[in-house]
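Worksheet for the structure shown next.
Since every read-out is calculated from the coordinates, none of them should be taken as a lab result. Computed from a predicted model, the values in this text were never measured in an experiment. We place every Cβ from the backbone using ideal geometry, glycine too, and count neighbours over all the protein chains shown.
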Number of protein chains: 2
Amino acid sequence: MQAGKPILYSYFRSSCSWRVRIALALKGIDYETVPINLIKDGGQQFSKDFQALNPMKQVPALKIDGITIHQSLAIIEYLEETRPTPRLLPQDPKKRASVRMISDLIAGGIQPLQNLSVLKQVREEMQLTWAQNAITSGFNALEQILQSTAGIYCVGDEVTMADLCLVPQVANAERFKVDLTPYPTISSINKRLLVLEAFQVSHPCRQPDTPTELRA
Amino acid sequence: MQAGKPILYSYFRSSCSWRVRIALALKGIDYETVPINLIKDGGQQFSKDFQALNPMKQVPALKIDGITIHQSLAIIEYLEETRPTPRLLPQDPKKRASVRMISDLIAGGIQPLQNLSVLKQVREEMQLTWAQNAITSGFNALEQILQSTAGIYCVGDEVTMADLCLVPQVANAERFKVDLTPYPTISSINKRLLVLEAFQVSHPCRQPDTPTELRA
């Protein structure tokens, strides 16, 4: 199958899409964005065309090398295996375990509980509290874990997949007005990452589908 | 650090613990079980000792090679990297992507939404419906995905990490009385896996902490 330029199905504000955008930027992979607006027209992820691409009706999905991959961490692991430079997983298996543990904690233990489709199932007046609880409960654990794994970044001094999960999750925390004072380690790693070019170009405020009033 | 026999902190009914128990059985890794009862004494996962081990207050956690890993998929990936035989990820990167996509769909897209700590936050009369919705919505997608990835098992004809996620999730579906008729592919793969020895010895009805009345 002819493999053209990779296509990322993405929504500017989706934290899972942002993880993948950072990976693509770090690895210098040129790609096209197809925006999937999660709120317009009742949610474009529910269209027949998109469901055929990702039956989970979620972004991101990446068309690359003749296949379509969804689930952000599965995408990042594939990019790591096929485009290993610069690496997003350390060489040492024990450090790789720390990276995956932190990534899974965020991608499986925090984000799914505060995403749009779950919040819709909660009474409207409870949604903010629900999201805040999911994030603070995860961040309480994460702050403690980072104290033993972190160097400059989440695991040691190299940017890893864990950092690609951290920054978008902190952005969600800010959107849901979570007080970040109890999380000095999370906050300072987040600050150090946000200045890196790959985190800047992939930022929700700089995407093709970012509404004008949110651009920066 | 002296690395003795690995210790698995596990709860017989936890689907995430079961995933890891299958991996340990398939790879022939001898280990000790330390049962963490998620309901007794208000939940033993909330004890100070266990929180020091896993700040997320969840099972499983595995002490191995002088480190403690939590998050079931991070544990399985570590076992795969350090004890590669028999392999739980195919050699082909595209098939590995399918395995991780299915694993993440279950571990990040279904299980977290129907686990005990989340259900506790839902009104009691709504808990069953909430869990059923999470599972059917994920299974609708999974059934469609498996139609293009499955052979005898979830991805091709070898047992992979995806199968380690599938079987415990189907058991949860049964506990929550989900009608499995719409999922013939999921059901038949599940049946083929359940007869394998590694899935039998790791089964919730055969653990050191399985209550007598649930033993089989």
>> If you take each beta carbon of peptide A:123-130 and count the beta carbons of other chains within 10 angstrom, what is the mean?
In response: 1
> What list do you get for A:Arg13, B:Arg83 if you sort them by fewest beta carbons within 10 Å?
Replying inline: B:Arg83, A:Arg13
> In whole percent, what relative contact order does chain A give with Cα contacts below 8 Å and a gap of six or more residues?
Replying inline: 25 percent
> Quick one: net charge of A:Tyr31's neighbours, Cβ under 13 Å, K/R +1, D/E -1?
Replying inline: +2
> Which whole-angstrom value gives the distance between the alpha carbon centres of region A:194-216 and region A:6-36?
Replying inline: 11 Å
> So, in chain B, how many Lys pairs have Cα atoms under 16 Å apart, if the pair is 8 or more places apart or on different chains?
Replying inline: 7
> Highest mean first, what order results for A:110-116, B:45-51 on Cβ atoms within 10 Å?
Replying inline: A:110-116, B:45-51
>> Between A:Phe46 and B:Asp179, how high is the FRET efficiency from 1/(1 + (r/R0)^6) when r is the Cβ-Cβ distance and R₀ = 22 Å? Nearest 0.05.
In response: 0.45
> How crowded by other chains is B:90-99, given as the mean number of beta carbons from other chains within 10 Å of each beta carbon?
Replying inline: 4
> Using the Karplus equation 6.51 cos²θ - 1.76 cosθ + 1.60 (θ = phi - 60°), what ³J(HN,Hα) coupling, rounded to whole Hz, does each residue of region B:123-139 give in order, writing x for Gly and Pro?
Replying inline: 4, 4, 6, 9, 4, 5, 4, 4, 5, 4, 4, 4, 6, 5, 5, x, 5
> Under a 5 Å amide H to amide H cut-off, with H placed in plane at 1.01 Å, what residues pair with B:Asn37 once short-range neighbours are removed?
Replying inline: B:Gln44
